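In what follows, a single structure is set out as structure tokens and then discussed.
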Amino acid sequence: MLTSHEMSLRNISRKDVLNALEFRFRRGYYKPQKKGDCVDFILKTHKFSSIKQWCLWKCDLDYKFLIEYHSMRNKNLFYSGCSTKCTRFQARTSHIFYHKCANDACSSCFYKEDASFARIKE
């Protein structure tokens with residue numbers, strides 16, 4: 001789902017950044033090496049203006065992954081008619097699950113799990 005550029009940023013952990021910043025602080029100065037550390041990689045290669053901006057980006061990306069993980073785990077479908085995830089619910093009298101559009105104003109998508117077709121109303 002991610003581009004190689006986003007994946008290289010995602011693979012940098014917050015702990016690695018903290019360790020690099022502590023190392024710079026304890027030495028009292030920072031002499032850039034040829035390879036550089038993860039802080040140089042974030043600021044120079046990916047053009048973030050500050051570590052704070054990278055942290056906010058990383059938190060936002062982690063939140064999006066968490067939402068996507070839960071929707072895949074809960075088997076929520078995506079309705080492309082109004083571009084929202086469907087909500088999954090169970091019938092009161094049976095163990096059958098249904099999906100409907102999460103947008104309350106839209107009632108055009110309804111799907112019974114394990115059915116061959118979904119009902120789309122216009």
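The values are calculated or read from the model by the stated rules, or taken from the named source; none is laboratory data. For clarity, every value in this text was computed on a predicted model and none was experimentally measured. Note that each Cβ is placed from the backbone with ideal geometry, even for glycine, and that neighbours are counted across all protein chains shown.
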> Could we say that Ser94 is at pLDDT 75 or above and either over 30 Å from Val39 (Cα atoms) or out of contact with any Lys or Arg (no Cβ under 8 Å at 6 or more places or on another chain) (or both) here?
Replying inline: yes
> Would you say Cys86 is under 30 Å from Lys112 (Cα atoms), within 24 Å of the chain's Cα centre (by Cα), modelled with pLDDT under 90 and surrounded by 10 or more Cβ atoms within 10 Å (Cβ to Cβ)?
Replying inline: yes
>> Could you go through segment 13-23 and let me know if any residue there is over 26 Å from Leu61 (Cα atoms), surrounded by 10 or more Cβ atoms within 10 Å (Cβ to Cβ) and at pLDDT 80 or above.
In response: yes
>> So Lys47 ticks every box in (1) among the basic types (Lys, Arg); (2) over 18 Å from Leu2 (Cβ atoms); (3) assigned to a loop (DSSP other than H, G, I, E, B); (4) at pLDDT 75 or above but one. Which box is left unticked?
In response: (2)
>> When the residues of segment 31-44 are narrowed to those that are of a type in the set (D, E, K, R) and assigned to a loop (DSSP other than H, G, I, E, B), which ends up modelled with the highest pLDDT?
In response: Asp37
> What tally of residues in segment 17-43 results from selecting those that are under 22 Å from Lys64 (Cα atoms) and among the charged types (D, E, K, R)?
Replying inline: 0
> Does Ala102 fit the bill of being modelled with pLDDT of 75 or more, aliphatic (A, V, I, L, M), touching a Lys or Arg at 6+ places or on another chain (Cβ under 6 Å) and more than 23 Å from Leu2 (Cα to Cα)?
Replying inline: yes
